[in-house]
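J.: Can you keep this structure in mind? I'll have questions shortly.
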Amino acid sequence: MRPDGPSARPHSPAGHPGITERTVDVLVVGGGPAGLTAARRLAAAGAGRVEVLDREREPGGIPRHCFHGGFGARDPRHLVPGPLHGPEYARRLAADALSAGAALRTSVTATGWAGPRTLEITGPGGIERVTARAVVLATGARERPRAARLIPGTRPAGVLTTGELQQAVHLHGRRIGSRAVVVGADAIAHNAVLTLRAAGVETVALVSSRPPLPVPLSLSLPRPRRPVTVLHRTTVTELVGHGRLTGVRLRHEDGRTAVVACDTVVFTGDWIPDHELARRGGIPLDPGTRGPAVDTAYRTAEPGVFAVGNLLHGVERAGIAAEEGRVAAGQVLRHLAGEPWPGPGLPVRVGAPLLWAAPNRVHPGGPPPLYGRFILRTARPLALPRLTVSQDGRILYRRRPPLPALPGRPVHLGSGWTSAADPAGGALLITV
Amino acid sequence: MIRVRVTTAGPLPGATYDVVVVGAGVVGSAIARELARHRLRTALVDARDDVGDGTSKANTAILHTGFDAVPGSLESRLVREGRHLLAAYAAETGIPVEPLGALLVAWDREQLDALPALAAKAERNGYHEAAIIGPDEVYRREPRLGPGALGALDVPGESVICPWTTTLAYATQAVRGGVELHLNCRVENIADDGEHHELTTGRGPLRTRHLINAAGLHADELDRRLGRDDFTVTPRRGQLIVFDKLARPLVNHILLPVPTALGKGVLVSPTVYGNVMLGPTAEDLDDKRATNSTEEGLRALLSQGERIMPELVAEEITTVYAGLRSATEHEDYRIRAHPAQRSLTVGGIRSTGLTASMAIAAHVMDLLPETGLALGPARELEPIRMPNIGEAFPRPYQRPELIAADPAYGTLVCHCERVSLGEIRDALTATVPACSADGLRRRTRARGGRCQGFYCGPAVDDLLDTAAAERGAPGTVTR
Ligand SMILES: Cc1cc2nc3c(=O)[nH]c(=O)nc-3n(C[C@H](O)[C@H](O)[C@H](O)COP(=O)(O)OP(=O)(O)OC[C@H]3O[C@@H](n4cnc5c(N)ncnc54)[C@H](O)[C@@H]3O)c2cc1C
Ligand SMILES: Cc1cc2nc3c(=O)[nH]c(=O)nc-3n(C[C@H](O)[C@H](O)[C@H](O)COP(=O)(O)OP(=O)(O)OC[C@H]3O[C@@H](n4cnc5c(N)ncnc54)[C@H](O)[C@@H]3O)c2cc1C
């Protein structure tokens, strides 16, 4: 995709020769499902110059390298995987944003802030400062690599994340290895197995610290033609090998350990929002999600700055990220039309074993979140959880969701209680 | 015209060298750079595929003042001198340095009581700026410090430096000055016919009149091949945790531990790349390859870090590594000329070798004539300028004039570290080129950031393979 030309009459800020300054109406940082969908609606609604930046050469975000089906909306609530292949989905999102009139600029990185709604960006065309009336952050999430999970051992070659594996195999046609251990047992881990197989790598085992999923839920996992061994209640405690990985040491909950020979290990899942730009802009994060704290209109604490997609929650399906972009675009339009930026609102906190909630700020009487529900995560399985929302000890809501709550999977909480919250009261607390 | 020569494979030149330096760590490379001033045929050889791939790549990267050295020791003098030499050299060549100053924070009575003696020791080491400060001043300067700090010794002269660029700068200048660099070249045996050393290496024989042993952890083994048994190296492992760049604003100084009878403690320090590191451990081992991290080691670091700066420990971890110090039974460097063997050994360069490297090299040049080597007149070396990978100076992605001249400097490949295609291209075709993913990371930081390759890994690997193919070397496998 060719970078667009800069808008009319660019100029250099005083004291910064060579840096171009311009203005746009909406600047969307990140051209994944969330950012592209927001831009599409904004451009279609006539929001003025709507520009999407992406640091990769092609727009589309993560789906660019997910060479499997399961993308796009089939069910509006995304309970069932969609029909499209990742790259096809990415291309459609980009084409739709373009034809709606958004400008797509690739190979351009937002590197920092030069003002509250002014971003500094670098690309082959130079350095620019772009000031927008509204900024939408949609920078996505990444998987925690080995070191961030504090897995000791040597530092050999052959240690990957799913993101790197998919790109290496599908976009770069690289050789991977011959025997792999995959860390994780979620859908993403099963996708990694398929990618490994496509690259001619045998998966020795999937390793998960969790107990097996109940059978009905495990049926929703992508199933390989030949089944792979899943070692449950097991963790990787050491990487072995100089130069190239030769094995991983595993430890079962019961204390047994063993070294499994392999030349490749893939760390899957364990997401962390890519919040660098948000933090560098001084935008407060939610302590649970580690993404920017946003209200149900996807507004951050910084006037004019919105955040959507997996930057808010690591991770949801692409369709959810995209829908958030679409819903947020409606709020961006209201902001552009002059709706005042509200105060920070009430923080939404969770109690253990819940890990986080998104969105995580509430204005009583404000708009409902996407699909009228909050997304939660739990650290351990809960067979029949009873979700309770309280404020200063007063119970606002109590209900059992129809499904068990499982780690790594969304747990949903209805949003009907938000209007009952006291705007002058304390934090809203979600417990089980 | 100067002959620029770096080899990584194939047979070695048959000619006889005047001097061979074994070990292209920071010390051997600094020595080779000094030798390049003289009309000598010199080779620098290393077992690894890059310079600085041993202990020199894995340390805490502090340019020490030497305030806490053993007064009167050779180490004390060479650290003191080396610090000034390297600071000046860094300014001239563009090696990233940040003069942050250090605080030795006392967390209990015993540590507080140890500060006056440390201040006195600094004086005896010729360092006069150290001063004791009270808790209010400590918290004013380091507001994010955990509770309970009782005071500190302020050592304003301590800096952080880039260890990778330092070794690379020495080696680059040596090679440009005519030194031949042979990598993947482990010296396995040495036969001395009284006039020549015939070295057996993994790449065939190599003949030299004089030999300098700068083999770091393996200096004792190499010495034994020469028939000398002056010391034994015991690797002392130091594990380190590197935190995300977003933690950098938490820390202003190098926060050093106060050494006491109970132990040495760990430091918290910014790096020139804008990260914050926590470590190192100190574990005496016997395996010289044990550069692995351990569960206990990392757990110990985190629990000490929790006390020093709780907010730091809550940040994301970017990477973990371990280095091995060349500890010996002697409490000082072991730098000795051996006239009978026409050789010189640089051993026991334990935990200050980066700082002292240029002074060690100067000291070696003073001793070399004792081995019968006539150095002859010295000439000035062509100045060099190294690519900047430090955060305190503008990086290429921040320089509009550079991008305007060559858009490759505005084309970012590694997003977390903001490394451009232009920088990667430069590193792959440099005088001492990057031949591996690790070598490229040490020259550019590519793949060294928080995602560890999630976004950019395969793109970087492709660039490495293309460069290798152009050089005629086999490709690398995706890491
Ligand atoms: C292996 C794998 C398999 C998956 N399978 C499925 C599936 O089958 N079905 C499904 O629905 N979902 C799936 N998902 C999840 C889906 O890919 C994500 O939910 C979706 O991509 C999130 O969209 P996003 O726009 O929030 O972020 P991303 O897709 O991550 O996009 C973020 C974009 O921001 C850009 N960016 C970041 N920082 C900057 C900056 N500073 N400057 C410029 N650009 C920047 C990035 O380059 C990137 O393009 C899968 C994910 C993975 C990793
Ligand atoms: C945890 C830790 C923290 C430290 N912190 C600091 C600090 O803050 N400041 C400071 O100044 N110093 C510090 N140091 C010390 C510093 O890193 C070392 O003193 C210095 O790197 C030693 O350099 P060297 O060249 O002697 O050794 P090395 O870098 O180990 O180089 C020796 C080289 O010899 C090669 N070699 C060995 N045997 C053979 C053979 N037979 N044939 C061919 N090649 C061979 C090896 O491959 C290696 O590259 C620290 C060290 C550690 C471990």
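The values are calculated or read from the model by the stated rules, or taken from the named source; none is laboratory data. Keep in mind the model is a prediction, meaning the values are calculated, not measured. We place every Cβ from the backbone using ideal geometry, glycine too, and count neighbours over all the protein chains shown. The area values use the complete protein model at the heavy-atom level, side chains included, leaving out ligands, DNA and RNA. Shrake-Rupley method; radii C 1.70, N 1.55, O 1.52, S 1.80 Å.
J.: Among (1) out of contact with any Lys or Arg (no Cβ under 7 Å at 6 or more places or on another chain); (2) in a helix (DSSP H, G or I); (3) outside the structural domain of B:D18 (by TED's automatic domain parsing); (4) more than 16 Å from ligand 2 (Cβ to nearest atom), where does B:E315 come up short?
T.: Against the list (1) out of contact with any Lys or Arg (no Cβ under 7 Å at 6 or more places or on another chain); (2) in a helix (DSSP H, G or I); (3) outside the structural domain of B:D18 (by TED's automatic domain parsing); (4) more than 16 Å from ligand 2 (Cβ to nearest atom), B:E315 comes up short only on (2).
J.: Report, by residue number, each residue of the range B:339-357 that is part of a helix (DSSP H, G or I) and within 11 Å of ligand 2 (Cβ to nearest atom).
T.: Listed by number, the residues that qualify are B:G353, B:L354, B:T355, B:A356, B:S357.
J.: Right, another one. Go through (1) in contact with a helix residue (DSSP H, G or I) (Cβ under 7 Å, 6 or more places away or on another chain); (2) at pLDDT 95 or above; (3) open to solvent by less than 50 Å² (accessible area, probe 1.4 Å) and name the single condition A:R133 misses.
T.: Answer for A:R133: the failing condition is (3).
J.: Assess whether A:A297 counts as being out of contact with any Ser or Thr (no Cβ under 9 Å at 6 or more places or on another chain), small (G, A, S) and surrounded by fewer than 23 Cβ atoms within 10 Å (Cβ to Cβ).
T.: No, not satisfied.
J.: Further, regarding this structure: Filter the range A:147-176 down to the residues that are more than 7 Å from every other protein chain (Cβ to nearest Cβ) and assigned to a loop (DSSP other than H, G, I, E, B), then identify the one that is least open to solvent (accessible area, probe 1.4 Å).
T.: The residue in question is A:P156.
J.: Here's another thing I want to ask about it. Hand me the list of strands (runs of 3 or more DSSP E) wholly inside the range B:144-193 holding 1 or more residues that are open to solvent by 40 Å² or more (accessible area, probe 1.4 Å).
T.: Answer list for the range B:144-193: B:187-192.
J.: Which condition number in (1) near ligand 2 (Cβ under 9 Å from one of its atoms); (2) open to solvent by less than 20 Å² (accessible area, probe 1.4 Å); (3) within 22 Å of B:N292 (Cα to Cα); (4) of a type outside the set (D, E) is the one that B:I241 fails?
T.: Failing condition for B:I241: (1).
J.: So A:I151 ticks every box in (1) within 30 Å of A:G338 (Cβ to Cβ); (2) not assigned by TED's automatic domain parsing to the domain that holds A:R40; (3) not charged (D, E, K, R) but one. Which box is left unticked?
T.: With respect to (1) within 30 Å of A:G338 (Cβ to Cβ); (2) not assigned by TED's automatic domain parsing to the domain that holds A:R40; (3) not charged (D, E, K, R), A:I151 is out only on (1).
J.: Considering only residues that are within 11 Å of ligand 2 (Cβ to nearest atom) and open to solvent by 30 Å² or more (accessible area, probe 1.4 Å), look in the range B:30-55 and name the one that is farthest from B:L367 (Cα to Cα).
T.: B:D49
J.: From the list B:V22, B:V27, which residue is within 10 Å of ligand 2 (Cβ to nearest atom), over 23 Å from B:P280 (Cβ atoms), of a type in the set (A, V, I, L, M, F, W, C) and touching a strand residue (DSSP E or B) at 6+ places or on another chain (Cβ under 7 Å)?
T.: The unique qualifying residue is B:V22.
J.: Restricting the search to the range A:115-124, which residues are open to solvent by 10 Å² or more (accessible area, probe 1.4 Å) and either part of a helix (DSSP H, G or I) or within 14 Å of ligand 1 (Cβ to nearest atom) (or both)?
T.: Hits for the range A:115-124 are A:E120, A:P124.
J.: Among the residues of the range B:358-366, is any under 24 Å from the mean Cα position of the chain (by Cα), assigned to a loop (DSSP other than H, G, I, E, B) and surrounded by fewer than 21 Cβ atoms within 10 Å (Cβ to Cβ)?
T.: Restricting attention to the range B:358-366, the residues satisfying the condition of being under 24 Å from the mean Cα position of the chain (by Cα) are B:358-366.
If we keep only those that are assigned to a loop (DSSP other than H, G, I, E, B) too, we end up with none.
No, because not a single residue in the range B:358-366 is under 24 Å from the mean Cα position of the chain (by Cα), assigned to a loop (DSSP other than H, G, I, E, B) and surrounded by fewer than 21 Cβ atoms within 10 Å (Cβ to Cβ).
J.: Could you check how many residues of the range A:51-68 are near ligand 1 (Cβ under 6 Å from one of its atoms) and within 14 Å of another protein chain (Cβ to nearest Cβ)?
T.: Here the count works out to 7.
J.: Then there is this: For the range B:420-432, indicate whether the set of residues that are buried (at least 24 other Cβ atoms within 10 Å of the Cβ), closer than 30 Å to A:G177 by Cα and within 16 Å of ligand 2 (Cβ to nearest atom) is non-empty.
T.: yes
J.: For the range B:286-327, which residues satisfy the criterion of being closer than 22 Å to B:G353 by Cβ, among the charged types (D, E, K, R) and more than 9 Å from chain A (Cβ to nearest Cβ)?
T.: Within the range B:286-327, B:D286, B:D287, B:K288, B:R325 qualify.
J.: Since A:R251 meets every condition but one in (1) more than 13 Å from every other protein chain (Cβ to nearest Cβ); (2) not in a loop (DSSP other than H, G, I, E, B), which condition does it not meet?
T.: Every listed condition holds for A:R251 apart from (1).
J.: Then there's this: Restrict the check to the range A:90-98 and report whether at least one residue is open to solvent by 10 Å² or more (accessible area, probe 1.4 Å) and part of a strand (DSSP E or B).
T.: no
J.: While we're here: Restricting to the range A:133-170, count the residues that are within 24 Å of A:L311 (Cα to Cα) and within 14 Å of ligand 1 (Cβ to nearest atom).
T.: Matching residues across the range A:133-170 total 20.
J.: Would you call B:A378 touching a His at 6+ places or on another chain (Cβ under 8 Å), more than 11 Å from chain A (Cβ to nearest Cβ), surrounded by fewer than 22 Cβ atoms within 10 Å (Cβ to Cβ) and touching a residue at least 40 places away in the same chain (Cβ under 8 Å)?
T.: Considered against the rule, which asks whether it is touching a His at 6+ places or on another chain (Cβ under 8 Å), more than 11 Å from chain A (Cβ to nearest Cβ), surrounded by fewer than 22 Cβ atoms within 10 Å (Cβ to Cβ) and touching a residue at least 40 places away in the same chain (Cβ under 8 Å), B:A378 comes out as yes.
J.: Would you confirm, using the coordinates I've provided, whether B:G347 is touching a residue at least 60 places away in the same chain (Cβ under 8 Å), open to solvent by less than 40 Å² (accessible area, probe 1.4 Å) and within 14 Å of another protein chain (Cβ to nearest Cβ)? If you could, list the steps in order and put the result at the bottom.
T.: Numbers: touching a residue at least 60 places away in the same chain (Cβ under 8 Å): yes; open to solvent by less than 40 Å² (accessible area, probe 1.4 Å): yes; within 14 Å of another protein chain (Cβ to nearest Cβ): no.
For B:G347, the condition - touching a residue at least 60 places away in the same chain (Cβ under 8 Å), open to solvent by less than 40 Å² (accessible area, probe 1.4 Å) and within 14 Å of another protein chain (Cβ to nearest Cβ) - is not met.
J.: How do the helices (runs of 4 or more DSSP H) wholly within the range B:406-479 filter down when requiring 1 or more residues that are within 9 Å of another protein chain (Cβ to nearest Cβ) and closer than 27 Å to A:G269 by Cβ: which remain?
T.: The qualifying helices (runs of 4 or more DSSP H) are B:437-444, B:457-471.
J.: Continuing with this model, one more query. If a residue must be assigned to a loop (DSSP other than H, G, I, E, B) and in contact with an Asp or Glu (Cβ under 6 Å, 6 or more places away or on another chain), how many such residues does the range B:318-331 contain?
T.: Counting residues in the range B:318-331 that are assigned to a loop (DSSP other than H, G, I, E, B) and in contact with an Asp or Glu (Cβ under 6 Å, 6 or more places away or on another chain) gives 0.
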